[in-house]
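S.K.: I'd like to ask some things about the structure below.
Just so it is clear, none of the values below were taken in a lab; they were calculated from the coordinates. Predicted, not measured: the structure shown is a model, and the values here were computed from it. Glycine also receives a Cβ, built like all others from the backbone with ideal geometry; neighbour counts cover every protein chain displayed.
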């Protein structure tokens, strides 16, 4: 079985400052990990994915995440927040042994960006 | 636009009525998923199709729910005898294979009066 825990339900940052969203995972097998973003009343957009290649993964809009097996973490970062980054962010896991690719979502982190 | 399309975007209905949602996946994707998202929560898996075959159903999918993908292209999700607890955002996603990311539509928000 696999699961993810997002350690912060809300994060508030000032525009231009770094963003850190924390995620820990649990998986019986080597996981595939994703970060998705959801703007109000919209579907989910893929930011980046980790599938056992490079441990530092670069995504869209300046986001990146680092897979740390020893810490079972997959934290999302961005050096400088933009107002358009205000949204809900989901850390997601899929077992690589699950050929059906079912996704298990975290509870989400709401990001607020202040001017 | 070649993304995942869901219709309607918003459905308001009275308790006890039947509702049907439609999802058109990205054309070359053979996998299609339905998820449900309640307020303040992450999406929860409901069911999965590979082509026209429904290969897995979550225990969340009670017998009032039925999903089809008759020709392996679009899919429908029907809820019979709707209840207050069915109020949620219903999301559809498609992918091209195992380990590939799922691409989501904008969802159908169901409101039960």
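S.K.: On average, how many beta carbons from a partner chain sit within 10 Å of the beta carbon of a residue in B:39-45? Please list the in-between numbers first.
M.R.: Details: counts 0, 5, 4, 15, 10, 3, 5.
The per-residue average across the peptide is 6.
S.K.: Now for a different question. Restricting to bridges with both residues inside the protein assembly as shown, how much of the DSSP beta-bridge set is antiparallel, in percent to the nearest 5? The partial results should precede the final answer.
M.R.: Values: 70 of 79 bridges.
Once the DSSP bridges in the protein assembly as shown are tallied, antiparallel ones form about 90 percent.
S.K.: Rounded to the nearest whole Å³, what is the per residue volume of the convex hull around the Cα atoms of the protein assembly as shown?
M.R.: Values: hull volume 27.9 nm³, N = 228.
Hull volume over Cα atoms, normalised by residue count, gives 122 Å³.
S.K.: Order by neighbour count: A:102, A:68, fewest other Cβ atoms within 10 Å first, most last.
M.R.: Details: A:102 18, A:68 12.
Taking fewest neighbouring Cβ atoms as first place, the list is A:68, A:102.
S.K.: Follow-up. Could you please rank A:10, A:75, placing first whichever residue has the fewest other Cβ atoms within 10 Å of its Cβ?
M.R.: Numbers: A:10 10, A:75 18.
The fewest-first ordering by Cβ neighbours comes to A:10, A:75.
S.K.: To one decimal place, what Kirkwood hydrodynamic radius in Å is obtained for segment B:1-78 from all pairs of distinct Cα atoms?
M.R.: Details: mean 1/r = 0.0745 Å⁻¹.
Mean inverse Cα-Cα distance, inverted, gives 13.4 Å.
S.K.: By its C-alpha gyration tensor, with a ≥ b ≥ c as the square roots of the eigenvalues, how is chain A shaped: rounded for a/c under 1.5, else prolate for a/b larger than b/c, else oblate?
M.R.: Values: a/c = 1.96, a/b = 1.67, b/c = 1.17.
Prolate, because a/c is 1.5 or more and a/b exceeds b/c.
S.K.: Also: Of A:71, A:88, A:15, which has the largest mean-square fluctuation in a 10 Å C-alpha GNM of chain A?
M.R.: The residue with the greatest mean-square fluctuation here is A:71.
S.K.: A further question on this structure: So what is the relative contact order for segment B:43-102, in percent, with contacts set as C-alpha pairs under 8 Å and at least six apart?
M.R.: Numbers: 59 pairs, mean separation 13.4, N = 60.
Reported as a whole number, the value is 22 percent.
S.K.: Normalised by the residues of chain A, what does the relative contact order come to in percent, with Cα pairs under 8 Å and at least six apart?
M.R.: Working: 298 pairs, mean separation 42.8, N = 115.
Relative contact order comes out at 37 percent.
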